[in-house]
Amino acid sequence: MNPLFEPLLESAPLARRLAPGLCRIDPASGESCAPSHGLWQYLRLLGLALSPEHHAELFQRALDGVVPASAPVRVLVSGAADYAMLALVLAALGRRHAQVSATVLDICETPLALNRWYAERIARPIETHCGDILGYSSREPFDVVCTHAFFAMFAPAQRPALLAKWHELLRPGGIAVTVNRVRPQAGAAQVGFGEDEVRALCDAVRARARAFGPALGADPDALARDAGTYARRQRFHPLRSAEEIRGLFEQAGFLIEHFSLAPIAQDAQTGVSGPTVPGTSDYLRVIARRR
């Protein structure tokens, strides 16, 4: 199901165990992100979560030739639901670079723990940092900043600061590569799963978990209940305009090298709708170089 080396059958139950103890409590809502981080890899196993692998070609294109072959390369993964972005980066760079220095940053400790677990499994050293990207600094600049579905975590008023931070963290000539869903019809309010979408996701989780069989190692009805909790808590700041994002990159001092808007491959679409489910929506793909 997954062309990269990602031991999801092992890491999914691990994430489910870790999340209740490691996930942060949001100071504004008082809610934990454990329902999200504890279920996410099961959703991926069942083909019901959009992740970097759906845009692997873009990341491969961005990473090819970012520095001369065999030269050391420094990569920052800016936000992580799990280790999917790290796995893709290491696979893409490993063909050309023996020395890849990867740092994974997230505001929650659970995905960072999963990244450390994954890195240990493949015997690759990484650094992790738990905190807000807007307050992060590094003594050495990065060659690449990679992120997937990250803009939606930031209100529109915060996005210029995010782009300015990426610019600050990159060396001159370094690149930022990102993918984000665009919702032209959305209003200014945060978006999430509608109740019909919640029920559809729960039904799909239950059906796919039953079809997966005992190897999944989890009760389908329990996963379906968890999916309901997960979906009802998802809230995102919509990206309503691709051109808005182009402008933010250019204002921050980036040169756009790739800018496209398209859905994911049809054979990856699920027939289930919702903010985090692979569907028919358009996704903005950007590769931008720091001037």
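Computed from the coordinates by the stated procedures, all read-outs in this text should not be read as laboratory data. Please read all numbers here as calculations on a predicted model, not as lab measurements. In this analysis, Cβ positions are derived from the backbone assuming ideal geometry, glycine residues included, and neighbour counts consider all displayed protein chains.
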Stretchable slack from A155 to E10, in nm (0.36 nm times residue separation minus alpha-carbon distance): 48.7 nm
What are the ³J(HN,Hα) values, in whole Hz, obtained from phi via the Karplus relation 6.51 cos²θ - 1.76 cosθ + 1.60 with θ = phi - 60°, for each residue of region 136-153 in sequence order, with x given for Gly and Pro? 8, 9, 9, 5, 10, x, 9, 7, 9, 10, 10, 7, 9, 6, 9, 4, 5, 7
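Where the convex hull is taken over the Cα atoms of region 151-243, what is its projected area averaged over directions, in nm²?
Mean orientational projected area (region 151-243, Cα hull): 8.9 nm².
Quick one: if you take sqrt(5λ) for each eigenvalue of the C-alpha gyration tensor of region 45-140, what semi-axes come out, biggest first, whole angstrom?
On the way: eigenvalues 81, 63, 34 Å².
Equivalent ellipsoid of region 45-140: 20, 18, 13 Å, largest first.
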Could you work out how far apart the two model spin labels at A123 and A211 are, taking each label as a point 7 Å from the Cα in the direction of the beta carbon, and quote it in nm? 3.8 nm
Once amide H atoms are placed 1.01 Å from N in the peptide plane, what residues at a sequence separation of 5 or more from E257, or on another chain, have their amide H within under 5 Å of its amide H? I287, A288, R289
Selection from V286, G174, H258 lying farthest towards where the dipole of the chain points positive, charges on Cβ: G174
Convex hull volume of region 135-201 per residue (C-alpha atoms, cubic angstrom): 126 Å³
How much FRET efficiency would the formula 1/(1 + (r/R0)^6) give for E140 and V191, where r is the Cβ-Cβ distance and R0 is 35 Å, rounded to 0.05? 0.40
Which one, G253, G21, G38, has the greatest fluctuation when you compute a Gaussian network model over the chain with C-alpha springs under 10 angstrom? G21
Pick from T103, T178, T229: which is most flexible by mean-square fluctuation in a GNM of the chain where alpha carbon atoms under 10 Å apart are linked? T229
Given charges at beta-carbon only (K, R positive; D, E negative), |dipole| of the chain in Debye: 320 debye
Per Stokes-Einstein, at 20 °C and 1.002 mPa s, what whole-number D in µm² s⁻¹ belongs to region 8-290, with the Kirkwood radius over Cα pairs as the hydrodynamic radius? 111 µm²/s
